[in-house]
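*Asks:* Once you've had a glance at the structure underneath, I'll fire off some questions.
The values are calculated or read from the model by the stated rules, or taken from the named source; none is laboratory data. Just so it is clear, the model here is predicted, and its values are computed rather than measured. Every residue, glycine among them, receives a Cβ derived from its backbone with ideal geometry; neighbour counts consider all protein chains shown. These accessible areas exclude ligands, DNA and RNA; they are computed on the full protein's heavy atoms, side chains included. Shrake-Rupley method; radii C 1.70, N 1.55, O 1.52, S 1.80 Å.
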Amino acid sequence: MGIKAALPRYELYVYNVVLCLAMLWTTRWIFDVSSSNSNRKAFKTTVQPGWYYFGRKMDTADIEWMMWFSTFREHIIFALSGHVLFAKICSMLAPQYKAVVYMAYGMLAVFTSMGWAYITLILSHCVLLYSISLVKLRWLCFAAGLTTLATFKMEPFISWQTGFVSGSFELRPILFYGGCGFTIMRCMSFALDNCERKDGNYSILELLKYNFYLPFFYFGPIMTFDKFYIQVNKPNLSRKDGEMWNISIQALLHLAVITIVAIIFHFMYFLTIPSDMKLLKHISDWALIGLAYFTLVYDWVKAAVMFGVINTVSRLDHLDPPRPPKCITMLYVFSETHFDRGINDWLCKYVYNYLGGKHDDLLDELIASLCTFGVATVWLGPSWVVFIWAFLNCFGLNLELWTIKFFTMEPFISIEMALSESMSRRIRAVLNTFNFWTIVLYNVLALSGLDFAKIVAKRLLLKGFPFTTITVMFVTYCLIQLIKEMERRQALIDDPDPIPPPAPVPPPTNATSTTTTVPSTTQIDAAAAQPVDTNKEKAE
């Protein structure tokens, strides 16, 4: 009973039609709300004049997106272009020193943008955590790293450290916190990997080369030290056939997505509308639920594009960076939920998998997930919204595991074995439908705030019951089935003949068959994410 169970074609056609109509309907409602309320007082600060040839205003509520692709676009392009140019020259003249050149250019760029005091602050943290790593005690490295990270999240330590950076450069606060936060996470990765090294220690030069690699310095993603060390020191700089073509296609794809998002911002203000509580009380249920869904999809697109641009540059340096996050539309289990695969890989390697072991014991899983979300809370910055988000996702993750364990017991396993594979898939999809909206609501809480999440939950579950609730759940059920169909086809491509041929010798008469269910594992999102063990199979 699993991923390769097929459904009739006509049933899948119905699901496609229902989903397309629902998406068009919701999009139209959000467009109407945006058009009829573009001049509201609450919109004045975030809905600004857009492109001249559209003749419409543009949603500019996302400061991070506007910074990357509008306000400071030239600065970012200039810095990354310089890195690519120096890296190319070095790879042609002295490839054995390429990591040192990456470090030197990165330090120069950081010094130019933030000043010598900021460089000194970063170096002091690097030296501190490097010194502690020489003791080779994991708990001490963790304690020092998390304590240092907490100093950038709590007063009065924040004010004291920000005093090292002077000037009124508008981008400096973002660069300050981004560079410091990612530096601590990279230093912890270095220290923990150094603890695992049996022969000697890594040099501090390796740490500096790892930390000051410019494409990853300010905005991530995080690549764990062991992977970076191996890849940046590869002597062979040859590329596979078609690799440069693929990199070029990815760059053009990111450019196209940036353009499309900018166009959408002129017609749908789904980032600004959630901040106007008075307007939210008067819009339709479908428009409100569509806002919640579109907000999450946009956050995934932003993460995929921003990390994708950086990853394109790093792939030119012969690195294999963390992949983009999985689309929120494809998530219907907690074990797959994350928005930053780099943070996710970091948490899995050093916390979740280290404490959780094989993830087959409920107590170990509970401890591992609690510690994982504890570290994630420090990373995101302690606040009531973060605490609530972490608790709900940790609870949902463990409840999912407990439910899987429960339904692999008798008589449930016998009942499922008696059902057809297609019927088993339908029942699982019904359960996954509720999971999907639980994931959506939990992450809307982190992205749009508690008030917006409460309004969406009330409309979906209370005020909109039964019509809106049942309709939304049915549309979501159609979405889940289409996702499962995509996964089924991908599984057939990866393993076209999963059932081995019969053995030449018949089995003994008293042989019994067993059924094993692979438990789900957890993931985390960095703008908002959960931990996942990517080396294990996903339990459907």
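*Asks:* Which number gives the lysine pairs in segment 71-237 that have C-alpha atoms under 24 Å apart and are eight or more places apart or on different chains?
*Replies:* The result is 15.
*Asks:* Please turn the phi angles of segment 290-303 into ³J(HN,Hα) values with the Karplus equation 6.51 cos²θ - 1.76 cosθ + 1.60 (θ = phi - 60°), one per residue in order, whole Hz, x for glycine and proline.
*Replies:* So the Karplus estimates, Gly and Pro as x, are x, 4, 4, 5, 5, 4, 5, 4, 4, 4, 5, 4, 4, 4 Hz.
*Asks:* Further, regarding this structure: Among TRP139, PRO321, LEU123, whose Cα sits farthest toward the positive end of the charge dipole of the chain (+1 at Cβ of Lys/Arg, -1 at Cβ of Asp/Glu, about the Cα centre)?
*Replies:* Of TRP139, PRO321, LEU123, it is LEU123.
*Asks:* OK, next. For segment 327-430, just run the numbers: alpha carbon Rg, then divide by 2.2 N^0.38 Å, N being how many residues it has.
*Replies:* Cα-based Rg divided by the globular estimate yields 1.25.
*Asks:* Next up: Quote the convex hull volume per residue of the chain, based on C-alpha atoms, as a whole number of Å³.
*Replies:* Enclosed volume per residue, from the Cα hull, is 200 Å³.
*Asks:* How much mean residue ellipticity at 222 nm does the chain get from its helices, if each DSSP H run of length 4 or more adds -39500 (n - 2.57) and you divide by all residues, to the nearest 500 deg cm²/dmol?
*Replies:* Working: 22 runs with 337 residues, N = 540.
The per-residue figure over the chain is -20500 deg cm²/dmol.
*Asks:* If each residue of separation counts as 0.36 nm, what is the full-extension length gain between PHE111 and TYR354 once their alpha-carbon separation is subtracted?
*Replies:* 83.8 nm
*Asks:* Along each of its three principal axes, how wide is the spread of alpha-carbon positions in segment 287-349, in whole angstrom units, largest first?
*Replies:* For segment 287-349, the Cα extents along the three principal axes come out at 44, 25, 15 Å.
*Asks:* A further question on this structure: So what is the accessible area of segment 71-237 per residue, in Å², with the probe set to 1.4 Å?
*Replies:* Ligands and nucleic acids excluded, the result is 47 Å² per residue.
*Asks:* What ³J(HN,Hα) values, in whole Hz, does the Karplus curve 6.51 cos²θ - 1.76 cosθ + 1.60 give for segment 174-183 when θ = phi - 60°, with x put for Gly and Pro?
*Replies:* Once rounded to whole Hz, the list reads 5, 5, 4, 5, x, x, 5, x, 5, 4.
*Asks:* Also, quick follow-up: Please report, in whole Å³, the volume per residue of the convex hull around the C-alpha atoms of segment 91-204.
*Replies:* 111
*Asks:* For the chain, which whole-number percentage of the solvent-accessible area (1.4 Å probe, protein heavy atoms only) is attributable to carbon and sulfur atoms?
*Replies:* Here carbon and sulfur together make up 67 percent of the probe-accessible area.
*Asks:* Still on this structure, I have one more. What is the set of long-range amide H partners of VAL47 at a cut-off below 5 Å, with H atoms built 1.01 Å from backbone N?
*Replies:* Residues meeting the amide H criterion: THR60.
*Asks:* Once phi is turned into ³J(HN,Hα) by the Karplus curve 6.51 cos²θ - 1.76 cosθ + 1.60 with θ = phi - 60°, what whole-Hz value does each residue of segment 95-107 show in order, with x for glycine and proline?
*Replies:* Each residue of segment 95-107 in turn: x, 5, 10, 5, 5, 5, 5, 4, 5, 4, 5, x, 5 Hz.
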